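Written out below as structure tokens is the structure these notes cover.
The values are calculated or read from the model by the stated rules, or taken from the named source; none is laboratory data. Please read these numbers as outputs of a predicted model, since none were measured by experiment. A quick note on method: Cβ atoms are made from the backbone with ideal geometry, for glycine too, and the neighbour counts reach across all protein chains shown.
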Amino acid sequence: MVINFKKSYKFAIKSSTYITLFSSGILFLFNHFLLKSNPLFVLFFAIILFFFSFFVLQYRVERFIYRRVKKIYDDVSLLENASFRNQPVTTDMATLTREVQKFARDKKLEIETLKIREEYRREFLGNVSHELKTPLFTVQGYLLTLLDGAMDDKNIRKKYLQRAEKGVERLIYIVKDLDMITKLETGDLNLELTEFNIVEVIQNVFELLEMRASKKNISLTFDALYKPVKVIADQEKIQQVVTNLVMNSIKYGKQGGTTEVSIEDLVNNKVIVRITDNGEGIEKQHIPRLFERFYRVDKSGARSEGGSGLGLAIVKHIIEGHKEKIYVESQYGIGSEFSFTLEKTK
């Protein structure tokens, strides 16, 4: 890499000026009181001394200081820091100090970020392994039992094959969600923005999950009778958001509870959709991590209810892909409220 090396002459100029003024002053006093010679001699001496001092000091500084400074820049630039590659090298020590300190701060932040990502990667791989291992072992167990002779019994054969099928369906569900969240995180969202009625979308989700809710005697309702509310978004993906949030409210809702949806107007031509339940609620320490992949508040309970553990992460990416916001409020033992904004048609 070629470094644009920018020299500084401040040190040599200032030092030469100080030497010249001091020496000329001494010579002037000596000449005035003793030699009584022509004053122009002092001026000539001062000019000669200034240039001589400047060139000597500049040479010495370049030889013993500038080269070392340049070496520091060369060494640092090997680390491919953009700020060093794109800026001219200055021999001003204060500037160099600031640049090196900034470089050190940036590298420290980069190292800390890499550590967090590494920890996140390890946790993610562990979660993926656990999520896939459970249905795989389940399917394997049923198939091995059948191969060991259980397939001769027609009733057992049918029951075990049906259970193995459910395990395969869960694997497919997890893989599909993994594929979706990978696309979302790489920016491959491909939104198809259309104008649609959000009330109708929510009603469709209610009908879709009605049987699941009835198993726990949970009622799915609006908080009021709404006229059509037109929004601009990707209808299919917003329906997935509502489905995931309502499904979670059912999954963690209490027996005989309610899931209530409200739609409110906001400023700047926005609406906010609130999905509120009176279920078990979420403790405060879990809320900041709710939208992480595979993060579960109650690991054992959540897995017994099924799901891939990616639902809220997918919800977050879809809403943020629309340049909108998602919020969560919860009180443990009382219930939770998830809400998100959408752009309303004018």
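Below is a table of values for the structure above.
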| item | result |
| --- | --- |
| Pairs, first at negative phi and in contact (Cβ under 8 Å) with a residue 40 or more places away in the chain in segment 159-179, second loosely packed, with under 15 Cβ neighbours inside 10 Å and outside any helix (DSSP H, G or I), C-beta under 8 Å, six or more apart | Arg170/Gly306 |
| Any hit, segment 186-196, residues being touching a strand residue (DSSP E or B) at 6+ places or on another chain (Cβ under 8 Å), among the β-branched types (Val, Ile, Thr) and in contact (Cβ under 8 Å) with a residue 60 or more places away in the chain | no |
| Tally, over segment 286-296, of residues that are at pLDDT 70 or above and touching a helix residue (DSSP H, G or I) at 6+ places or on another chain (Cβ under 8 Å) | 6 |
| Matching residues in segment 254-268 - criterion: being modelled with pLDDT under 90 and surrounded by 13 or more Cβ atoms within 10 Å (Cβ to Cβ) | Lys254 |
| Segments classed as helices (runs of 4 or more DSSP H), wholly inside segment 160-253, with at least 3 members that are under 24 Å from the mean Cα position of the chain (by Cα), assigned by TED's automatic domain parsing to the domain that holds Gly279 and surrounded by 14 or more Cβ atoms within 10 Å (Cβ to Cβ) | 235-251 |
| Subset of segment 261-291 (residues that are free of Cβ contacts under 8 Å to residues at least 40 places away in the same chain and not polar (S, T, N, Q)) | Glu264, Val267, His286, Pro288, Arg289, Leu290, Phe291 |
| Condition broken by Ser37, with the remaining ones in (1) surrounded by fewer than 16 Cβ atoms within 10 Å (Cβ to Cβ); (2) modelled with pLDDT under 70; (3) touching a Phe, Trp or Tyr at 6+ places or on another chain (Cβ under 7 Å) satisfied | (3) |
